[in-house]
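Here's the structure we're looking at; comments come further down.
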Amino acid sequence: MSIKEKSPTPPHISSSQKGKAKPRRIALPIMVTLALLAILVIAGVFFERSLLAGAKSISAPTPPAQKTLHVGQFVQLPLNASQLNSLRHLVDYMQYKQLARMYVSRMSLDVELGQLIMVEYSDTYYSPDLDTMINKLHVGGVIMYEFQMNTFNQTKHDIAQMQQHATFPLLISTDEEGGPYVHRLSHIYGYRMSATDIYNTGNSAVATQQGHKAAHDLAALGINNDLAPDVDVNLVNGYDMVTRTFGNDPQSVIKFAGAYLRAMQSDGVVACIKHYPGLGDAVIDAHKGLPVVNRTRQQIYDVELAPFKHFIQSQNKLDNPGMIMPTDVLMPAIDPRYPAELSHIFMTDILRKQFGYDGVVLTDALYMQGITRTWSMPEAAVLALQAGNDML
């Protein structure tokens, strides 16, 4: 992603943030795992068996010989049938984290750094700029928007090009939510129900059906990660929340978003619940300013955080989200200084330690004005990683 930057200056990190930073390198294998196993699913390997259920931990067989490329690259993409079968065989004998660590051990530092980034691109085709980010900068993921997905064949071809030129399998993402606003697949598949449409039916089976449909449509294109569902609890009908939420109380959100989430993940698409810790009481659009939620600590835990805690701690593995997206919202009762996605309190103390989340955390867009009015993008990137995010 092309970014206009000021002359580099060391980011100012407050004493309250210093000393709290915790190495997050352990999450890199998890991110690689998501991409590797999503590729396997789209190739026909059942997702729940590997990512969500895991495999018995026994000594792994010697991997079949693979074509060696430059330092950091393990297999040539796209994977052929024999390579896919070999990876499936490894998953039978290795826990998915072991498999991912085997790949990470062959990464150069440049590749490891690239894996921390999910990029946007401004073209409607596989462009030289996109190729540079994928092939030379080794990015970990690419997000696509509606204007880049115009026909089924064009989109599938572009995604295949991305994977073919990637050092490691990419997370190919979009934020398909349905409804009138966040509808990235409308050119290809037409209109689909919004979260609020689903909630208004009063029937969680509709959420299940829509989750299966979304996963099927995404996977058919080669998209292995959806930045959805939205689990905000709509309290004030704030900016664009009216059609994007599954209800006005935590129980409704858990019921309907949960059905959607389970359906999507059971079909092999990595889901990403958002917008942690919750935008349901926000009035300001974070693209244009920093929302401030002046609720008590107890209210935030009881309402905004409740769906996140439920899905993280659920005993149903399909409830556990592969990814979580935090956002730009200031909740002074918990952290009076830093927006949630830059806050060590929210990202590590609450999300990781209190709730026990061990999946991948992907920031919201760091170029939104809720962040850039106070911090430069380099400063925000450093703060985000120190706070506990895994991917930018």
Members of the range 273-324 found to be of a type in the set (Lys, Arg) and assigned to a loop (DSSP other than H, G, I, E, B), listed by number: Lys288, Arg295
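Quick grid of which residues meet (1) at positive phi; (2) hydrophobic (A, V, I, L, M, F, W, C):
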{"position": "Arg244", "(1), (2)": "no, no"}
{"position": "Gly247", "(1), (2)": "yes, no"}
{"position": "Pro250", "(1), (2)": "no, no"}
{"position": "Ala257", "(1), (2)": "no, yes"}
{"position": "Ser266", "(1), (2)": "no, no"}
Scan of the range 341-365 for residues that are in a loop (DSSP other than H, G, I, E, B), closer than 23 Å to Lys97 by Cβ and modelled with pLDDT of 95 or more, ordered by number: Phe355, Gly356, Tyr357, Thr363
In the range 302-315, the residues that are surrounded by fewer than 21 Cβ atoms within 10 Å (Cβ to Cβ), closer than 17 Å to Met264 by Cα and touching a helix residue (DSSP H, G or I) at 6+ places or on another chain (Cβ under 7 Å): none
Yes/no for Pro180 being assigned to a loop (DSSP other than H, G, I, E, B), surrounded by fewer than 19 Cβ atoms within 10 Å (Cβ to Cβ) and of a type outside the set (Phe, Trp, Tyr): yes
Residue satisfying condition, being within 25 Å of Ile117 (Cα to Cα) and in contact with a strand residue (DSSP E or B) (Cβ under 8 Å, 6 or more places away or on another chain), within set Glu146, Glu176: Glu176
Selection within the range 366-391 - assigned to a loop (DSSP other than H, G, I, E, B) and either touching a residue at least 40 places away in the same chain (Cβ under 8 Å) or among the acidic types (Asp, Glu) (or both): Tyr367, Met368, Arg373, Thr374, Trp375, Ser376, Gly388, Asn389, Asp390
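For residues that are of a type in the set (D, E, K, R) and in contact with a helix residue (DSSP H, G or I) (Cβ under 8 Å, 6 or more places away or on another chain), scanning just the range 98-139, find the one that is surrounded by the fewest Cβ atoms within 10 Å (Cβ to Cβ). I'd like the intermediate steps shown before the answer.
In the first step, residues of the range 98-139 are kept if they are of a type in the set (D, E, K, R); the result is 101, 106, 110, 112, 120, 123, 129, 131, 136.
Narrowing further to those that are in contact with a helix residue (DSSP H, G or I) (Cβ under 8 Å, 6 or more places away or on another chain): 101, 112, 123, 131.
Numbers: Arg101: 17, Glu112: 16, Asp123: 12, Asp131: 14.
Filtering first and then ranking leaves Asp123.
In this structure, is Gly258 buried (at least 20 other Cβ atoms within 10 Å of the Cβ), of a type in the set (Gly, Ala, Ser) and within 18 Å of the chain's Cα centre (by Cα)? Outline the logic, then answer.
Values: buried (at least 20 other Cβ atoms within 10 Å of the Cβ): yes; of a type in the set (Gly, Ala, Ser): yes; within 18 Å of the chain's Cα centre (by Cα): yes.
Against the criterion (buried (at least 20 other Cβ atoms within 10 Å of the Cβ), of a type in the set (Gly, Ala, Ser) and within 18 Å of the chain's Cα centre (by Cα)), Gly258 qualifies.
If we keep just the residues of the range 143-161 that are touching a residue at least 60 places away in the same chain (Cβ under 8 Å) and assigned to a helix (DSSP H, G or I), which is farthest from Asp230 (Cα to Cα)? Spell out how you get there, then give the answer.
From the range 143-161, those touching a residue at least 60 places away in the same chain (Cβ under 8 Å) are 143-144, 149, 152, 155-156, 159-160; that's our starting set.
Keeping just the survivors that are assigned to a helix (DSSP H, G or I) gives 152, 155-156, 159-160.
Values: Phe152: 25, Thr155: 24, Lys156: 26, Ile159: 25, Ala160: 28 Å.
Out of the qualifying residues, it is Ala160.
In the list Ala340, Ala333, which residue meets the criterion of being crowded, with 23+ Cβ neighbours inside 10 Å and touching a Ser or Thr at 6+ places or on another chain (Cβ under 9 Å)? Explain how you work it out, then say what you get.
Details: Ala333 fails: crowded, with 23+ Cβ neighbours inside 10 Å.
Only one candidate qualifies: Ala340.
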When residues of the range 224-255 are limited to those that are in contact (Cβ under 8 Å) with a residue 60 or more places away in the chain and either of a type in the set (S, T, N, Q) or assigned to a helix (DSSP H, G or I) (or both), the one surrounded by the fewest Cβ atoms within 10 Å (Cβ to Cβ): Thr243
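The values are calculated or read from the model by the stated rules, or taken from the named source; none is laboratory data. Treat the numbers as computed from the prediction; the structure is a model and nothing was measured. Neighbour counts run over all protein chains shown; Cβ positions are idealised from the backbone, glycine included.
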